[in-house]
Amino acid sequence: MPSRAPERQVEESRVVMTEIVLPEDTNHRGSIFGGRVLALIDKCAAVAAIRHARGEVLTISMDTVEFRNPVVAGQILILNGWINAAFGSSMEAEVEVRSEDPASGARALTTRAYVTMVAVDDNGRPRRVPRLLAMDDEELRRAEEATKRRKIRLQNATSS
Ligand SMILES: CC(C)(COP(=O)(O)OP(=O)(O)OC[C@H]1O[C@@H](n2cnc3c(N)ncnc32)[C@H](O)[C@@H]1OP(=O)(O)O)[C@@H](O)C(=O)NCCC(=O)NCCS
């Protein structure tokens, strides 16, 4: 792998996506399909990773995602994404999904996901990404926790 580009800050990767839940996004009970939320999470994580890597990225893994509260048609979904840690070619993106009640504006956390994205070159092979600079204790804590999660992911990874 060629040498790294300069460091980037977490702020440079931040993504905010807003969606309205339409009837075609929902099941017969009117709540959103889980797969629709996963697709939005994947897109949000990809944009965060592209902003950090400034190049093409591929999703290599997504940690377990739990859906605790149904989100129904007419509600607004807000996704916030950023990079927690950059390793060699891979980055852990965190995505928080909140629902917003259109009438009251009340927001509730729907789910949180950790997605690992790999930066790739023109041949689709992994390429090094810039280091991520932690600017405060919170960002440092997130990077440390991401490093622990990565260790577990790699232990559990299937070898092909
Ligand atoms: C992404 C891809 C190019 C990586 O190629 P590879 O030969 O597996 O590359 P490597 O084994 O060198 O791993 C690349 C990085 O992924 C990391 N990685 C590998 N398996 C992982 C896993 N299960 N979870 C998290 N990270 C993983 C490695 O640690 C490495 O990161 P690092 O450079 O930061 O250390 C290849 O796996 C691929 O094309 N996958 C399909 C991606 C895709 O199409 N996604 C869309 C959905 S199908």
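The values are calculated or read from the model by the stated rules, or taken from the named source; none is laboratory data. Values in this document were obtained by computation on a predicted structure and should not be read as measured data. So basically every Cβ, Gly included, is an ideal-geometry build from the backbone, and we count neighbours across all protein chains shown. SASA here: full protein model, heavy atoms, side chains in, ligands and nucleic acids out. Shrake-Rupley method; radii C 1.70, N 1.55, O 1.52, S 1.80 Å.
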About the Cα centre of the chain, how large is the charge dipole given +1 on each Lys and Arg Cβ and -1 on each Asp and Glu Cβ? Please answer in debye to the nearest 20.
480
What percent do you get for the relative contact order of region 8-155 when only Cα pairs under 8 Å and 6+ apart count?
28
Given the DSSP H assignment, sum -39500 (n - 2.57) over each helix run of at least 4 residues in the chain and divide by its residue total; what's the result at 222 nm in deg cm²/dmol, nearest 500?
-8500 deg cm²/dmol
In bins 10 Å wide, starting from 0, what share of all Cα pairs of region 8-155 does each bin hold, as a percent?
12, 39, 31, 16, 2
Taking Cα atoms only, helix 137-156 is inclined relative to the longest principal axis of the chain by an angle, in degrees rounded to 10, of 80
Tell me, what is the FRET efficiency for Val120 and Glu96 to the nearest 0.05, using R0 = 35 angstrom and their Cβ-Cβ distance as r?
0.85
Net charge within 11 Å of Ala73 by Cβ-Cβ distance, Lys/Arg positive one each and Asp/Glu negative one each, not counting Ala73 itself?
-1
Computing the accessible area with a 1.4 Å probe over protein heavy atoms, can you report the carbon and sulfur percentage for the chain?
50
